[in-house]
1. I'm checking my understanding of the structure. Among residues of the stretch A:243-290 that are assigned to a loop (DSSP other than H, G, I, E, B) and small (Gly, Ala, Ser), which one is nearest to A:Ala221 (Cα to Cα)?
2. Consider only pairs whose beta carbons are under 8 Å apart and that are at least six residues apart or on different chains; among these, list those whose first residue lies in the stretch D:22-43 and is within 14 Å of chain A (Cβ to nearest Cβ) and whose second residue is in a loop (DSSP other than H, G, I, E, B).
3. Given the stretch B:309-408, what strands (runs of 3 or more DSSP E) lie entirely inside it while holding 1 or more residues that are crowded, with 21+ Cβ neighbours inside 10 Å and either among the hydroxyl-bearing types (Ser, Thr, Tyr) or within 16 Å of ligand 2 (Cβ to nearest atom) (or both)?
4. Looking at the stretch A:117-140, can you tell me whether even one residue there is in contact with a Gly (Cβ under 7 Å, 6 or more places away or on another chain) and open to solvent by 40 Å² or more (accessible area, probe 1.4 Å)?
5. Read through the list (1) away from ligand 4 (no atom under 16 Å from the Cβ); (2) touching a residue at least 60 places away in the same chain (Cβ under 8 Å); (3) part of a helix (DSSP H, G or I), then give the number of the only condition that B:Lys425 fails.
6. Take the residues in the stretch D:260-269 that are modelled with pLDDT under 95 and on the phi < 0 side of the Ramachandran plot; name whichever of them is nearest to the other protein chains (Cβ to nearest Cβ).
7. Do the conditions hold for B:Ile487, that is, is it open to solvent by 40 Å² or more (accessible area, probe 1.4 Å), in contact (Cβ under 8 Å) with a residue 40 or more places away in the chain, away from ligand 3 (no atom under 16 Å from the Cβ) and more than 14 Å from chain C (Cβ to nearest Cβ)?
8. From the list D:Met87, D:Met52, which one is within 13 Å of the chain's Cα centre (by Cα) and modelled with pLDDT of 90 or more?
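The values are calculated or read from the model by the stated rules, or taken from the named source; none is laboratory data. Just so it is clear, the structure is predicted and the values come from calculations on it, not from any experiment. Heads up, the Cβs are rebuilt from the backbone with ideal geometry, glycines too, and the neighbour counts pull from every protein chain shown. These area figures cover heavy atoms from the full protein model, side chains too; ligands, DNA and RNA do not enter into them. Shrake-Rupley method; radii C 1.70, N 1.55, O 1.52, S 1.80 Å.
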Amino acid sequence: QDKLTILGSVPSLGFPFFVHMLNQIKAEAQAQGVNLTESDGQNSAPKQTADIEAALVQKVDAIVISPLDVNALAPAIEQAIQAGIPVVTIDRRVDGVEGILAHVGADNVKGGEAEAQAMVAAFPNGAKIFHLQGQPGAGPAIDRNKGVHNVLDPLKDKYQIIFEQTANFARAEALSVTEAGLAANGKPDAIICANDDMALGAVEACAARNFTDVKIYGFDALPEALVAVRDGKLAGTVEQFPGEQSRTAVQIAVAFAKDKTEPKEKLVLLTPIVIGKDNLDKAERLGETK
Amino acid sequence: MAEDAASSQSPALLAVEGVTKRFAGVTALSNVSLEVRPGEILGLLGENGAGKSTLLKILSGVMPPSSGRIVFDGVEFNPHNPQDAKRLGIVTIYQELSLIPTLTVAENIFIGRAPLGPLGLVSWRKMEEDSRAIIARVGLDLDPATPVSALSVAEQQLVEIARALSLKSRLIIMDEPTSALTETEVQKLMSIMDRLRKDGVAIMFVTHRLEEASAICDRMTVLRDGRLAGHLDREGGPIKLPKIIEKMVGRAASELYARPTQRDVAGDIRLSVRGLRTVRDPQAPHAIVLEGVDLDLKAGEILGVAGLVGSGRTELARAIFGADRIAAGTIALDGKPIAPETPADAIRLGIGLVPEDRKHQAIFAALGILTNFSIAALGRYSNAAGFMTERREREALASYRKTLSIRMASPEQPIEGLSGGNQQKVILARWLARDPKVLIVDEPTRGVDVGAKAEVHQILVQLAARGIAIMMISSELPEVLAVSDRIVTMRRGRITGEMPGIEATEEKLMELMALDQKQEAIP
Amino acid sequence: MSSTTEQSQRGGINVARLLMSFGPLMFLAVLIVVFTVLKPSFIDPINIFNIMRQISITGLIALGMTFVILTAGIDLSVGSLLAFCGMVAAVVAKGGTANTLSLSTSGTQGYGWFAALLAAVVVGALAGGVQGFAITRLKVPPFVVTLGGLTVFRGLTLTISNGGPISGFDASMRWFGTGLIGPVPVPAIIFAAAAILCHIVLRYTRYGRAVYAVGGNAEAARLSGLRVDRILISVYVIVGFFAGLAAFVLSARLNSSEAVAGIGYELTVISAVVIGGTSLFGGIGSVGGTVVGAALIGVLQNGLQFNNVSSYTQSIVIGLILILAVAFDRWLKSRVRR
Amino acid sequence: MSSTTEQSQRGGINVARLLMSFGPLMFLAVLIVVFTVLKPSFIDPINIFNIMRQISITGLIALGMTFVILTAGIDLSVGSLLAFCGMVAAVVAKGGTANTLSLSTSGTQGYGWFAALLAAVVVGALAGGVQGFAITRLKVPPFVVTLGGLTVFRGLTLTISNGGPISGFDASMRWFGTGLIGPVPVPAIIFAAAAILCHIVLRYTRYGRAVYAVGGNAEAARLSGLRVDRILISVYVIVGFFAGLAAFVLSARLNSSEAVAGIGYELTVISAVVIGGTSLFGGIGSVGGTVVGAALIGVLQNGLQFNNVSSYTQSIVIGLILILAVAFDRWLKSRVRR
Ligand SMILES: Nc1ncnc2c1ncn2[C@@H]1O[C@H](COP(=O)(O)OP(=O)(O)OP(=O)(O)O)[C@@H](O)[C@H]1O
Ligand SMILES: Nc1ncnc2c1ncn2[C@@H]1O[C@H](COP(=O)(O)OP(=O)(O)OP(=O)(O)O)[C@@H](O)[C@H]1O
Ligand SMILES: [Mg+2]
Ligand SMILES: [Mg+2]
């Protein structure tokens, strides 16, 4: 009867990254002994907004959300706060809304910067680079792209992006886009990808041409990517600790909902790191690989 | 049961026993019985909506009867689909043509039974060669690789007949096979039917052209309002028309095709066409184009246009109406030159056209009768703000329903539920509602029963009396002779002759229509 | 016309008969009952208004799509066009492409909500007109033209905004997305008003008759003197107009115009229309049906979410129910008619 | 039938006339020339084979879709069905849903490529058959049934795999995606063989002609004694089969079956068919046209990427060229006498 209920909302369960995030929210909710209402934004801001509205009608006790778009979800989050429901955001930070209980995140721009810096470190003498971007217009795609360019644009002379295309976060598209890039430009030194799926697609394209020494960087540190890093197929992947973010967020939300415990920090920022062969043990999901 | 059943010489091939068919609200057939014997032609007659097509559809497996029994060749027969009927040798020519417009003539003829070459693959060459021979039997000479959508209605009807004749059959069911045909083709079909009869094939034949029926049928079964009205036998000579009509309508027959009393034909020239030529459509290269037509149409006159299939009559009508592109020539209305580029232009100028292909060019099958009726006169039944004034619209329809005696359930009923003749009357009403200066009617009584046909003729005469200039295209010469004040004949996109209606006879017209073409001997 | 229309034609409205004669409506009623039994708070006015607000965006476009599909056409570009018009509205409202991100009510350099609304609907209508022109004059099938439009408008949207969103509108504009009149959300009122208007146009005007006729038989319509090309162009203008209006409402609701807005909407919108009984082959259908179709989809989504059904299972259930709702309708019709 | 077919009917193939008579083909030729001039390496065999490999997946489904659209039907479920079949193939190939994640060539517990292939195509064909059954027996329009299928199959796929991919197949299976026969990629060979087979079936068998007849006028086809329902069901079985085959090839090529595979493929596939001249109203079209349509889309995408055109501009250009290619075809047809 008195069991609390929280809403856990992620942008899209079509992506393994968010499946993991929701799974972690679920696990932590169970550990904390609260009910969880799940929400899948289905890659649509109106859908995620609608889910929040439905949760408000049901009077959930707290909301843990990874917003699909920080601007578009702001009104819904505002509405929740006005209804007196504590909101904790994960992963992407919503600016300009007063009264968000806490934010737990690792900035995608920072992640993109880390990814590019790892590449720079691997090629101190400069490199020819392919860059595979995410879905045009999508929040993470914009931020990660920004991070990569923040690092590489000042180093234009040494690090040239000779081929830059979107592959919509999809493996099959990454494969054909990379194929086209390889045919047009020959072998690059490195390929920077805005997520692991695209990186794994690029791996297949390079393998088909026997370009096994191209350094390919992914993003999200999915188990499959970790295996590829271990096997030397990927040079690295960016770890943003989505599991830790999720669990921390749930802890903060539940603590407040139970007895108004204010979080120690309003802003918990985890620094994204690039997982390579040497620091595989830092990866959150290494346990899921066999 | 039939009163003359005792006179049967041979056992019946097909016996229909007490068949009833109900649709929602309508009983289309009620306890109908009849027999067909091998080697005979049975005419099935009745007014529009009498239930003829319904009966034939039941026999062909298109729909099941509500009750009753059918016996074919001594065995009870319950077809579930057209294929079941086909397998027993029952071949049907449907009233609403059942060709597939996107396929070629050859493929339509060989649908489901294309000749196979080596490897079991379809042999297109053989299919086209064979179909050329098959359509030649009905007097059609065109490239079998032509898609059916490029054929005129008459040609489609011939293709359909040819296909039916090429199938192995014991019973051929023909639902108004001649409605779009002219004399020559009809003669050819009759002789083929005659030969089939001699070969022992049974034929059921539906037509609204009673002369035809009288000439060829051995016996007739007449339906009235879904009930059996009686059977007629050819005792020695052909069955007389008045006898048929009496059975059909249930009262003594008034004279058919009574020539309207000679009227004063107003003198002013309404429509004047000079040197009209049309553009050849690349999509239909074999279509006839007009080769320079000169024509005058006076106010208050009915001008009959006669011609063989493919003579260009329809082209002429469409060109005047702005439906086809004109290459050269002038058209003047009341002395002022006009150049309608679209039907909308022509309509605004006061020209109306009842097209020949009702199904594809005139009706909105799924829409209600009311919408079908008022569509060409939306301006009349709407106010300045663009809202329909439905009450006036309904009143107008109700009055035409009465004057044209349209049989329908309600103004909302989809028009596809009406019998063909009644659909035609709705289309006529559509144009009457516009009160045009010039009305072109292309095959106005195609599929219309005798009674209604006479009504349509009366309507045309009344319209002419009101000063409307009427151009009537018809493949039925008796009809042309009956109502026209003046008749022109066409052939190959040209006018080949003209004469006053009183002087015209079928022979004279035939001669002009066929002009340089030798009258082919009936095979 | 679908049975809903036929009923209303008869004058008296018999609720039971109406329900019985139109499968999707009956399904809608059953769903509402089931969801309410499962969780009584489902019929809280707040939730009902939520649902109304949720269906209003795709619902508005579905109204326009009804016109298009009645002419046997289709418009796949609506989702992209929504994003495009939304971006145009944002640029006008904010007076530039800069994403100031401020959620405050400032926005002094912009041209205000009215200019933004006007820009959205005019651009939408124009874009629709251009597509209609390509369909009638270049004789390219609607499917191809609007599929081209789908990618072109998305590309233009991304180009305008350089990929990012444009956010932060002033309160007067936001009212159109988040405001209430009495207890009723403004988007729901806009949708209801638009639906009534469309119903009247289709059912009681000359123009509406012409739309049905063109869809029923284009050749017969031409030979009856209708300007078929103009009518065809007009329906694409109408759906474009509604895409623009929906874009304005959506931007106001989310306080943001996104370049990725409306992805996949074409299918949701077309489903609402088709589930509502409008035939993809033209000539048959009604606005009432479309509203029911949109409501059915909205209630299903909300109700399943409300009961915390897992997202994967939701997909399966929604797909099956949509098919069943239409199958049931066919069954009802085949029983009543024949 | 499109002109390509008609040409072959006459026997002799006159390249110039063929080009002149079919707009999309001419556009394809022009595009290849333009891209080659811009960057001569565009016609390196390596790139040509890339393109062939790329179009083979959607191309295979487009072959099946040609059958469906010829009957005036549509199948929106193909993208989801592809993901579903791919997941089934992966489960069979790996002997379970456990995501072993290894990208290596091990995979000893599985049932091998043949069982995986068989499972994919059988499941695809069955799923298609079920949809065909709903279309013919429940009388639900294909659009609704397959839209339901679109969400149902996606939900099932996500449920099977819990959202994640299943990766790592053995070399014998991967050969179907990455192998070469001589210099030619295996997927391209599979696609070519399937296209030839489909062409022969549609053009030279009674079954194929019956498909055209049903699409040309279903009622007339029924009156002519064809088993319309069976033919309709069969085309959905065929497109399902091809979705399964494409799923197998895609999984082999990516070394992974993903739950998110094939999103939005329905539009790409239908575009290929429609750009290839097949009418959405049925009865008109050809396999040759579909192959050209698929190639046109593939060449456009590859060529623009090859020249590193920005993705925003790509969208705009692709949309416009597709419309123009078809507009040009209409113009040719209206001008040239057949
Ligand atoms: N599918 C149907 N649904 C409802 N009523 C129908 C249907 N088909 C026919 N009818 C009705 O059944 C009656 C008989 O129609 P039928 O087509 O058999 O007449 P017909 O004798 O062939 O007339 P015509 O000479 O005009 O072709 C008509 O009243 C018609 O309205
Ligand atoms: N829509 C069309 N498309 C292509 N060809 C057509 C079309 N309509 C008619 N034709 C062709 O044009 C020729 C003339 O047909 P038209 O209909 O003008 O002649 P008609 O004298 O009215 O004869 P009928 O109507 O009895 O066939 C015919 O050979 C026919 O094949
Ligand atoms: Mg009849
Ligand atoms: Mg004619």
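1. By that ranking, first place goes to A:Ala283.
2. D:Phe35/D:Asn307; D:Leu38/D:Asn307; D:Lys39/D:Asn307
3. In the stretch B:309-408, B:351-354 are the strands (runs of 3 or more DSSP E) which contain 1 or more residues that are crowded, with 21+ Cβ neighbours inside 10 Å and either among the hydroxyl-bearing types (Ser, Thr, Tyr) or within 16 Å of ligand 2 (Cβ to nearest atom) (or both).
4. no
5. Condition not satisfied by B:Lys425: (2).
6. Checking each candidate, the answer is D:Val260.
7. Here the answer is no, as B:Ile487 does not meet what is asked.
8. Sole residue among the options that is within 13 Å of the chain's Cα centre (by Cα) and modelled with pLDDT of 90 or more: D:Met52.
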